[in-house]
Amino acid sequence: MPDCIFCRIAEKKIPAKIVYEDDMVVAFEDLDPQAPVHVLVIPKKHIATLLDAGDEDMALFGRIVKAANSIARDRGIAERGFRLVTNCNPESGQSVYHIHFHILGGRPMLWPPG
Ligand code: 5GP
Ligand code: ZN
């Protein structure tokens, strides 16, 4: 997707602080962090929203969880606690239409979320 900012980050065409990469997944620091740890985990494949995930993508979502767990452990927030959040469509607050999972941690989280 040439106009997709997260595709361009995955292709290294625009800069980002990449903290994890494998053949299917890339993770990088959020540009506008909302917590001491705020990392975005994305598939290299362009999938616009959670609702666009197909049966063929189920292994990919397992890889995203695996990457998120690894990053949470590396950043010291696994045992303290963290959130893995994805926003889907406008009322959720989704602003980038390439699916991404926010890893948020390093401070107490409120519930219900805003
Ligand atoms: P959403 O609101 O779609 O759930 O989350 C989009 C996230 O992407 C936001 O937290 C925003 O700060 C982050 N973001 C948007 N553009 C960029 C960018 O160019 N680079 C990085 N690293 N993060 C971005
Ligand atoms: Zn994309």
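Taking ALA10 and the conditions (1) open to solvent by less than 60 Å² (accessible area, probe 1.4 Å); (2) free of Cβ contacts under 8 Å to residues at least 24 places away in the same chain; (3) aliphatic (A, V, I, L, M), which numbered condition does it fall short on, given that it satisfies the others?
(2)
Look at segment 67-89 and say how many of its residues are touching a strand residue (DSSP E or B) at 6+ places or on another chain (Cβ under 6 Å), not in a strand (DSSP E or B) and not hydroxyl-bearing (Ser, Thr, Tyr).
Adding up the residues that qualify gives 6.
Given the condition in a helix (DSSP H, G or I), small (Gly, Ala, Ser) and either buried (at least 18 other Cβ atoms within 10 Å of the Cβ) or in contact with a Pro (Cβ under 6 Å, 6 or more places away or on another chain) (or both), answer yes or no: does some residue in segment 19-41 qualify?
Checked segment 19-41: no residue is in a helix (DSSP H, G or I), small (Gly, Ala, Ser) and either buried (at least 18 other Cβ atoms within 10 Å of the Cβ) or in contact with a Pro (Cβ under 6 Å, 6 or more places away or on another chain) (or both).
So which residues in segment 90-114 are of a type in the set (A, V, I, L, M), farther than 13 Å from LEU51 by Cα, in a loop (DSSP other than H, G, I, E, B) and open to solvent by less than 40 Å² (accessible area, probe 1.4 Å)?
If the condition is that a residue be of a type in the set (A, V, I, L, M), farther than 13 Å from LEU51 by Cα, in a loop (DSSP other than H, G, I, E, B) and open to solvent by less than 40 Å² (accessible area, probe 1.4 Å), then VAL96 is the only one that fits.
Return the total of residues in segment 1-18 being part of a loop (DSSP other than H, G, I, E, B) and either near ligand 1 (Cβ under 8 Å from one of its atoms) or of a type in the set (D, E, K, R) (or both).
7
Go through segment 57-88 and give me each residue that's within 16 Å of ligand 2 (Cβ to nearest atom) and either open to solvent by 60 Å² or more (accessible area, probe 1.4 Å) or more than 12 Å from the chain's Cα centre (by Cα) (or both).
ASP57, LEU60, CYS88
The values are calculated or read from the model by the stated rules, or taken from the named source; none is laboratory data. In this text, all values refer to a predicted model and were calculated from it rather than measured experimentally. As a convention, Cβ positions derive from the backbone with ideal geometry for all residues, glycine included, and neighbour counts pool all protein chains shown. In case anyone asks, the SASA skips ligands and DNA or RNA and just uses the protein heavy atoms, side chains included. Shrake-Rupley method; radii C 1.70, N 1.55, O 1.52, S 1.80 Å.
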